[in-house]
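In what follows, a single structure is set out as structure tokens and then discussed.
The values are calculated or read from the model by the stated rules, or taken from the named source; none is laboratory data. Predicted model, so just to flag it, every value in this text is computed and none were measured. Methodologically, a virtual Cβ is constructed for each residue, glycine included, from the backbone with ideal geometry; neighbour enumeration extends over all protein chains shown. Accessible surface areas use protein heavy atoms only, side chains included; no ligands, DNA or RNA. Shrake-Rupley method; radii C 1.70, N 1.55, O 1.52, S 1.80 Å.
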Amino acid sequence: MFDTLSDKLQRVFKNLRGEGKLTPENMEVALKEIRVALLEADVNFKVVKQFIEGVKQKAMGEEVLSALSPTQQVIKIVRDELVQVLGGHQSRLRLGDPPSVVMIVGLQGSGKTTTTGKLSRWLGKNGNRPIMVSVDVYRPAARQQLAIIARDIQVPIYGGAEGEEKPLDLAKGARREAMQTGRDVVLVDTAGRLHIDDELMTELQQLKEALNPVEILFVADAMTGQDAVKSAEEFHKRLGITGVILTKMDGDARGGAALSVRHVTGKPIVFLGVGEKTDALQPFDPERMAGRILGMGDVVGLVRDFEQVVDQKQAEADAARMNAWLEGEVRKMPAQYLWVHKRFKTRPEGEPDLYG
Ligand SMILES: Nc1nc2c(ncn2[C@@H]2O[C@H](COP(=O)(O)OP(=O)(O)OP(=O)(O)O)[C@@H](O)[C@H]2O)c(=O)[nH]1
Ligand SMILES: [Mg+2]
């Protein structure tokens, strides 16, 4: 993931290394290369446009730290812009009064059932008491699949009472069960379709209306790139999602989905699926992700340390310059004004004012 994009960005930075300072010319070249790298990584063109615009403004504007070399400046600007595009800050699940309902939605095969299990496990480890329910009544093995995962992670599942065969009844039953057994989060694994269709959307809307979920998480397969982004946008228009979980981030997707979905839907990425096992789930952190994309390990920490050093050095340099200037000014002064300088520089606290 991101390997090609990382390589290309590294090359841009390397090319800048020889430059003395940032000029409109060398910046133009760098921006063009960054643009191509992003498009080739399958990033949505609107996102690329906004990204380049943001970098350009920062590079040419006043936000540049003059103490940094051109390469460092561009790395920092690109990093900051990546963090921005990825959502700025980490988003947490917002769980309300128990039992909170979390709906897991998405296209067929995107990873909903697996993610429902992963999320339950994660919630359990973080002090919650989840219960799961599958309302996928169309595929015979679907509910069985969630039941197997449930056994594996030791999280209860609501299997449905007599006569409960409809998605809505099953979900309501699960919520009732949660209240009776003191479970604080109900995860609802919904059915998927190959394409967005009215029937599915109607069913999801009905579930939303009846359950009043605190979160509707759209599960998107990162490997499908812009298709994942398009379906996220469509789901959001028709259902109103609250967040995105990108799965299969362990695969060799080019990263376009991760970099586009926030901007296109306006909704945050909350988790990443990074494998098939139930513990392969990571809370999404824009800063960490930006570091991964830049392919520089923890570039965040590096830049932060660097900024601190720069600030410190800058402050010292400013102070030294100020002192030198003062000395120079004093030397230029007529003798009668020298007492001012002497007074401020030499009178110890509490001494009588001999110069006044
Ligand atoms: N490598 C990898 N595989 C994943 C990840 N998440 C899910 N999968 C796999 O993707 C396939 C589909 O996952 P499911 O959870 O069944 O997907 P679904 O959305 O519930 O599918 P439907 O119910 O048929 O719509 C399975 O083989 C999972 O093991 C992930 O993060 N990484
Ligand atoms: Mg499923």
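Pairs of Cα atoms in the range 229-268 fall into 5 Å distance bins, from 0 up to the last occupied one, in shares of 5, 26, 34, 20, 12, 4, 0 percent.
Each residue of the range 3-85 gets 80 Å³ once the volume of the Cα convex hull is shared out per residue. Across the range 21-30, computed HN-Hα scalar couplings (Karplus, 6.51 cos²θ - 1.76 cosθ + 1.60, θ = phi - 60°) run 8, 6, 10, x, 5, 5, 5, 4, 4, 4 Hz from first to last residue, x flagging Gly and Pro. A protection proxy built from the mean count of other Cβ atoms within 10 Å ranks the segments 227-234, 242-249, most packed first, as 242-249, 227-234.
Solvent-accessible surface of the range 3-85, averaged per residue with a 1.4 angstrom probe and all protein chains in place: 53 square angstrom.
Scanning residues 5 or more positions from S100 or on other chains, those with amide H under 5 Å from its amide H are V185, V186, with H placed 1.01 Å from N in the peptide plane.
Between M179 and K32, the distance separating the two model label sites (each 7 Å from Cα on the Cα→Cβ line) works out to 6.5 nm. Rolling a 1.4 Å probe over the heavy atoms of the protein chains gives the range 100-285 an accessible area of 42 Å² per residue. Along the range 77-89 the Karplus relation, 6.51 cos²θ - 1.76 cosθ + 1.60 evaluated at θ = phi - 60°, assigns HN-Hα couplings of 5, 4, 4, 4, 5, 4, 4, 4, 4, 7, x, x, 9 Hz to successive residues, with x for each Gly and Pro. As a rough guide to protection, the peptides 86-93, 122-129, 217-224, 71-78 ranked by mean Cβ packing within 10 Å, highest first, stand as 217-224, 71-78, 86-93, 122-129.
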